[in-house]
Amino acid sequence: MIGFSLGGLLVLVAILAPTLLLALRPPADPWPASRSAGAVFDVAEHAGQVVVCVLLVAVEPAWEDADLGWSSGGAGTRTVLLAVGAVCAVLNYVPWVRYLRGGRRLTDLFRPLGGLPVPSAALPVVVLACVAVVGSDWWLAVASAVFAVGHVANSRHLAAGLRSA
């Protein structure tokens, strides 16, 4: 249903807020010469971003009406997915804390976290996937997948460029 979604706006802000640090606290080191894995990945990333933003803010999510499993006395799958999404949203801030504490070096932002080679790319994608499944929003799931293809590929390319510099 079309309409403003405060929950969607909050998800969007939680995911995008750290990125504002690049404008407020630009990196001390230069960006690599090549920041793109290719035109197809750029198109996927940016088209996915636009559609995800519109869907999160302009479509009322089904999760507001969803039975999260509490009525049956236990935590349902949707509740677990909300928890996973929330944990990933919090973990998304770890690379940004490293970036600020490490003297605003891009290598700190693109360094692996646990088993994730590029956490600042993967974690927001997991958050979006969780929100899409919980809200039964398959348009958001598709848009998130398109965004993921471009964002993860470009971020991995950028990280590789930083390692080789």
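The values are calculated or read from the model by the stated rules, or taken from the named source; none is laboratory data. Keep in mind it's a predicted model, so treat the numbers as computed, not measured. Neighbour counts are summed over all protein chains in view; Cβ atoms, including those assigned to glycine, are modelled from backbone coordinates with ideal geometry.
The number of residues in region 40-61 that are in contact (Cβ under 8 Å) with a residue 12 or more places away in the chain, of a type outside the set (S, T, N, Q), closer than 19 Å to Ala14 by Cα and part of a helix (DSSP H, G or I) comes to 10.
What number of residues within region 102-127 are out of contact with any Gly (no Cβ under 6 Å at 6 or more places or on another chain) and under 19 Å from Ala86 (Cβ atoms)?
In the first step, residues of region 102-127 are kept if they are out of contact with any Gly (no Cβ under 6 Å at 6 or more places or on another chain); the result is 102-107, 109-126.
Then keep just the ones that are under 19 Å from Ala86 (Cβ atoms); that gives 113-114, 116, 119-126.
Count: 11.
Every residue, every condition in (1) touching a Ser or Thr at 6+ places or on another chain (Cβ under 6 Å); (2) buried (at least 17 other Cβ atoms within 10 Å of the Cβ); (3) outside any helix (DSSP H, G or I), yes or no:
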residue	(1), (2), (3)
Val84	no, no, no
Pro95	yes, yes, no
Thr107	no, no, no
Leu123	no, yes, no
Val126	no, yes, no
Cys130	no, yes, no
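Matching residues to (1) surrounded by 13 or more Cβ atoms within 10 Å (Cβ to Cβ); (2) at pLDDT 95 or above:
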position	(1), (2)
Pro30	no, no
Ala33	no, no
Ser36	yes, no
Ala44	yes, yes
Val52	yes, yes
Gly73	no, no
Gly76	yes, no
Thr79	yes, no
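Taking Val134, is it at pLDDT below 95, closer than 28 Å to Val43 by Cα, surrounded by 20 or more Cβ atoms within 10 Å (Cβ to Cβ) and not acidic (Asp, Glu)? Show your work before the answer.
On the way: at pLDDT below 95: yes; closer than 28 Å to Val43 by Cα: yes; surrounded by 20 or more Cβ atoms within 10 Å (Cβ to Cβ): yes; not acidic (Asp, Glu): yes.
So Val134 passes the test.
So is Leu22 modelled with pLDDT under 90, surrounded by 12 or more Cβ atoms within 10 Å (Cβ to Cβ), under 18 Å from the mean Cα position of the chain (by Cα) and among the hydrophobic types (A, V, I, L, M, F, W, C) or not? For Leu22, the condition - modelled with pLDDT under 90, surrounded by 12 or more Cβ atoms within 10 Å (Cβ to Cβ), under 18 Å from the mean Cα position of the chain (by Cα) and among the hydrophobic types (A, V, I, L, M, F, W, C) - is met.
State the number of residues belonging to region 1-39 that are among the β-branched types (Val, Ile, Thr) and touching a residue at least 24 places away in the same chain (Cβ under 8 Å). It would help to see each step written out before you state the result.
So the first thing to find is which residues in region 1-39 are among the β-branched types (Val, Ile, Thr), and the list is 2, 11, 13, 15, 19.
Now drop any that are not touching a residue at least 24 places away in the same chain (Cβ under 8 Å), which leaves 2, 11, 15.
Selection size over region 1-39: 3.
What about His157, is it out of contact with any Leu (no Cβ under 8 Å at 6 or more places or on another chain), touching a residue at least 24 places away in the same chain (Cβ under 8 Å) and crowded, with 23+ Cβ neighbours inside 10 Å? When the stated conditions are applied, His157 does not pass them.
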